[in-house]
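K.L.:
Have a look at this one.
The values are calculated or read from the model by the stated rules, or taken from the named source; none is laboratory data. Keep in mind the model is a prediction, meaning the values are calculated, not measured. Glycine gets a Cβ as well: all are built from the backbone with ideal geometry, and neighbour counts include every protein chain shown. When the accessible area is computed, the model is the full protein with side chains, heavy atoms only, and any ligands, DNA or RNA have been set aside. Shrake-Rupley method; radii C 1.70, N 1.55, O 1.52, S 1.80 Å.
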Amino acid sequence: MAVPTGTLHLAAAIDGDGRYQAPYYVELARLAEEGTLDFITLDDTFGPPGPGRGRLDALAVLARVAPATGRIGLVPTVTTTHTEPFHVSSAVATLDWVSRGRAGWRVEVSATEAEARLVGRRPAAPAGELWAEAGEVADVVARLWDSWEDDAEIRDTATGRFIDRDKLHYVDFEGAHFSVRGPAIVPRPPQGHPVVAVAATDPVTWQTAARHADVVYLRATSPEEAGRIRDELKRRAVAHGREPGSLTVLAALAVDLADGEGAPGTAPAVNAPVTPADTPGGPPLYRGGPAGLAELITGWHTADAVDGFHITPVAPRHDLERFVNGTVAPLQHRGLFRTCYPGATLRDHLGLSRPASRYALEREAAR
Amino acid sequence: MSRQHKQIHLAAHFPGVNNTTVWTDPRSRSQIDFDSFEHLARTAERGLFDFFFLAEGLRLREHNGRIHDLDVVGRPESITVLNALAAVTERLGLAATVNATFNEPYELARRLASLDHLSGGRAAWNVVTSSDAFTGENFRRGGFLDRADRYTRAAEFVATARELWDSWTPDGTPRPFAHTGRHFTIDGEFGVPRSPQGHPVVIQAGDSDEGREFAASAADIIFTRHGSLEAGRTFYADVKRRLARYGRAPEELKIMPGVTLVLGDTAADAQEKAAEIRLQQVSPQTALLTLEQIWGVDLSGYDPDGPLPDIDPDPDSQLTQGRVRHGDPLAVAAKWRALSEEKGLSIRQTVIEANGRQSFIGTPEAVAAQMAEFVATDAADGFILVPHLTPGGLDDFVGRVVPLLQERGVFRTAYTGTTLRDHLGLPYPGERG
């Protein structure tokens, strides 16, 4: 059996359809933070999540959550198909500012004709084309984050200059669907680059994920399958000139902890199986007790199949509470998972370094 | 008990990217850290203000082909900051300036409705437009609209957003919408249920004839600038008169000029401080740059402490980008020359004299009296205060002037409602049939 190569990372979705008030989300975020999870995610779609259903803008919700929490990473889904890349860049950078370095975003596309009709600008397109565009958006967004060097604001009273304009840069990005001149309006965010996540649950997303993502969630029902996909993603990342360690690979898992152990005489379900998703594209399901889930996580991690897990509690309030108290606690007890946050930013939690601005590096190199 | 006085509405503007903000002052803090926004918002809420107001930037200003570097540059994205401020305030309205030219109605209506939900009914949208291909270079469409189309698009944009906001029934069921118009042809289901205010409050900025008409038809607040009591009264009467055309009552549109203020312990002290602040705002470099923005030519060889240039402006100049050139440059230059000659002013002194905004300068008592007079005599319904310091620029106003307004009975002593519509006394929009 292989030895795990790194620290275990845990993240949780706090989705809650039909929840339109902040206290629900704040409560779940604080619970996840008590469990010292790396980050929480909040799903989103450009259109309604389904006929007759509603949801709030995910980035808005997590901006509302930011001042009510202290350490936990905040990763909303932000779609790229019908939105403006410049606005996306500004909003995610601003989430990083208001959370003091805890922002990420999950890149997602909008493939349906119904969503296209909400904008009326262009028809729906195939997923491959949309993911290629999503990659372009991730690219230009990162360039915009780099377009202000970290020390561009100088406040030099002697010359009357607030900024050093030589440390601001045009990105001059030309994509297949859009172009952006730059520079950003928002100064470089605290993390340099907020964390980019992709739910790589479908091979159509793999190329974009391997090239642009810091965190991916994959879909697998066994450690062997997860390990194969992780290797493929890392191989592609290396082909794009990236360090394999710069990609954190999590297994996506829906968890239903409603039943299972807890009753006297019930043995924990060691290495409980996960069942394939019954919804297309959805994560596979673990159903059982929280201690059994701790065993499963330990098993996959020990097999070095993944760097951690992104769990989606089926009943967020109940399952997340059981996860934190019944799954995370034993993992901490075994020394597999941290008991406190060693740093302040999401990059710190993930062990990712803070990237330097590419324009600053170019300028240095040109000297 | 004396009769009820007309009440003053107050809002706080977080200083933006122009030379109003004195960043050279040692008390000046970050224009981007959340602490700064929190400080000003909490101050405004302590002062029982109606709302907190954020401007927007979509392209950095340029002058002579280079990024402008003299003033505060860079700011966060408005709606995201306001969602975060909703966590650290309870009653304060939260107003975001968002451009109708470089957004789409579905997405923006969704973001504003989300802010209204997350803040418990405190969202407002300041609708602005752009005619500027320079800004368009950052966006998918890339292009721009001519002046007339800006307002037809903005009007259709607001109307479409209202259709979306109205598309959920109060019992929480979405009804399909379909909008067919000149600028937008869209249909589907809106993704956010009806928000606490029904429609976030709509603010319109601008003094032009089209702007006034648009405000009279569609806005809840008009954010304006006018220099004197008389000009204020004329504007007020004109805009309020237009409301009847749209079946609206005069009190359904609040008129709120943006104003600066300087407080002192005596009148002379306040005047002295105001003069110092103007010198800080208009540095020698800023004076020359302001002149170049009007003249449209390089004036770097001129002495800011010397006389105005004797050459004429270039009316077709593209020297300045990302900033509106107000009025005919030749006429403005002639006016400034006359001002300079009449009073014997240098370039810098002329800029200070000509560009002074509506200000309340004086002791707290005097400022409270002036504000009360403006509102009592129908020159305004209230004010959007633009502090010159970030983020402490309203500390003194809230500590020293608000209590005096309360003593006069012209300002609330407690919030009486929870939503921005409550604070403004605005009706809640009804359901569509």
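K.L.:
What is the Cα convex hull volume of segment B:73-172 when expressed per residue in Å³?
P.N.:
113
K.L.:
Based on the alpha-carbon set only, what is the convex hull volume of the protein assembly as shown divided per residue, in Å³?
P.N.:
177
K.L.:
At a 1.4 Å probe radius, carbon and sulfur cover how many percent of the accessible area of segment B:312-433?
P.N.:
49
K.L.:
For A:146-152, what's the mean count of beta carbons from other chains sitting within 10 Å of each residue's beta carbon?
P.N.:
Taking all residues of A:146-152 together, the mean is 1.
K.L.:
When you look at the Cβ of every residue in A:166-174, what mean number of other chain Cβ atoms sits within 10 Å?
P.N.:
Shielding by partners across A:166-174 averages 2.
K.L.:
Quickly estimate the mean residue ellipticity at 222 nm for chain A, helices only: each DSSP H run with n ≥ 4 gives -39500 (n - 2.57), and the total goes over all residues, rounded to 500.
P.N.:
One gets -10000 deg cm²/dmol as the mean residue ellipticity at 222 nm.
K.L.:
For segment A:30-137, what is the accessible area per residue in Å², given a 1.4 Å probe and the full set of protein chains?
P.N.:
26
K.L.:
Heavy-atom accessible area per residue, segment B:36-125, 1.4 Å probe: how many Å²?
P.N.:
19
K.L.:
How large, in percent, is the carbon and sulfur part of the accessible surface of segment B:140-280 at a probe radius of 1.4 Å?
P.N.:
So the carbon and sulfur contribution to the accessible surface is 55 percent.
K.L.:
Tell me whether chain A comes out rounded, prolate or oblate; compute the Cα gyration tensor, take square roots of the eigenvalues as a ≥ b ≥ c, and use a/c under 1.5 as the rounded threshold.
P.N.:
In terms of gyration-tensor shape, prolate.
K.L.:
Okay, next question. Given chain A, what percent of its DSSP beta bridges are antiparallel, to the nearest 5?
P.N.:
Here the share of antiparallel DSSP bridges comes out near 15 percent.
K.L.:
Here's a follow-up. Sort out for me the Cα centre separation of segment B:225-274 from segment A:109-142, rounded to whole Å.
P.N.:
46
K.L.:
What residues of segment A:68-99 lose no less than 20 Å² of accessible area with every protein chain in place versus their chain by itself (probe 1.4 Å, heavy atoms only)?
P.N.:
Buried on complex formation: A:T83, A:E84, A:F86, A:H87, A:A91, A:T94, A:W97, A:V98.
K.L.:
At what distance in angstrom do the alpha carbon centres of segment A:309-367 and segment B:175-207 lie from each other?
P.N.:
38
K.L.:
How shielded is B:163-174 by partner chains, expressed as the average number of their Cβ atoms within 10 Å of its Cβ atoms?
P.N.:
Partner-chain Cβ atoms within 10 Å, mean over residues of B:163-174: 1.
K.L.:
Shifting gears a bit: When you have a sec, figure out the Kirkwood radius of chain B from all distinct Cα pair distances and drop it here in Å to one decimal?
P.N.:
Mean inverse Cα-Cα distance, inverted, gives 22.8 Å.
K.L.:
Name the residues of segment B:88-107 whose accessible area falls by at least 40 Å² when all protein chains are present instead of the chain alone, probe 1.4 Å?
P.N.:
Residues shielded by partner chains are B:E104, B:Y106, B:E107.
K.L.:
Here's something else I'd like to know. For A:E115, A:E225, B:E251, B:E341, give the ranking by accessible area with the largest first, probe 1.4 Å.
P.N.:
B:E341, B:E251, A:E225, A:E115
K.L.:
In whole percent, and with a 1.4 Å probe on the protein chains, what portion of the accessible area of segment A:184-255 is carbon and sulfur?
P.N.:
On segment A:184-255, the fraction of accessible area on carbon and sulfur atoms equals 49 percent.
K.L.:
Then there is this: What does the charge count near B:T180 come to, summing +1 for each Lys or Arg and -1 for each Asp or Glu among other residues with Cβ under 13 Å from its Cβ?
P.N.:
-1
K.L.:
Here's another thing I want to ask about it. Checking buried surface per residue: for segment B:1-30, which residues lose a minimum of 30 Å² accessible area in the protein assembly relative to the chain alone (1.4 Å probe)?
P.N.:
Going by heavy-atom accessible area, the residues of segment B:1-30 that drop by at least 30 Å² are B:W23.
K.L.:
Please label the shape of segment B:351-414 as rounded, prolate or oblate, based on the square roots a ≥ b ≥ c of the eigenvalues of the alpha-carbon gyration tensor (a/c under 1.5 means rounded; beyond that, a/b larger than b/c means prolate, else oblate).
P.N.:
Oblate, since a/c reaches 1.5 and b/c is not below a/b.
K.L.:
Another one. State whether segment B:102-253 is rounded, prolate or oblate according to the following rule on the C-alpha gyration tensor (a ≥ b ≥ c being the square roots of its eigenvalues): a/c under 1.5 gives rounded; otherwise a/b larger than b/c gives prolate, and the remaining case gives oblate.
P.N.:
Note, shape of segment B:102-253 comes out oblate.
K.L.:
Also, I was wondering about something else. If you take every DSSP beta bridge whose two residues both sit in the protein assembly as shown, what share of them, in percent to the nearest 5, is antiparallel?
P.N.:
Counting DSSP beta bridges with both partners in the protein assembly as shown, the antiparallel share is about 20 percent.
K.L.:
Right, here's the next one. Chains B and A: buried accessible surface, both sides, probe 1.4 Å, rounded to 100 Å²?
P.N.:
When B and A are taken together, about 5500 Å² of accessible area is lost.
K.L.:
Between segment B:91-147 and segment A:172-217, how many Å separate their Cα centres?
P.N.:
Here the answer is 23 Å between Cα centres.
K.L.:
222 nm [θ] for chain B, helices only, -39500 (n - 2.57) per DSSP H run of 4+, per residue, to 500?
P.N.:
-11500 deg cm²/dmol
K.L.:
A follow-up question, please. Keeping every protein chain present and rolling a 1.4 Å probe, give me the accessible area per residue for segment B:181-261 in Å².
P.N.:
Roughly 35 Å² per residue, with all protein chains present.
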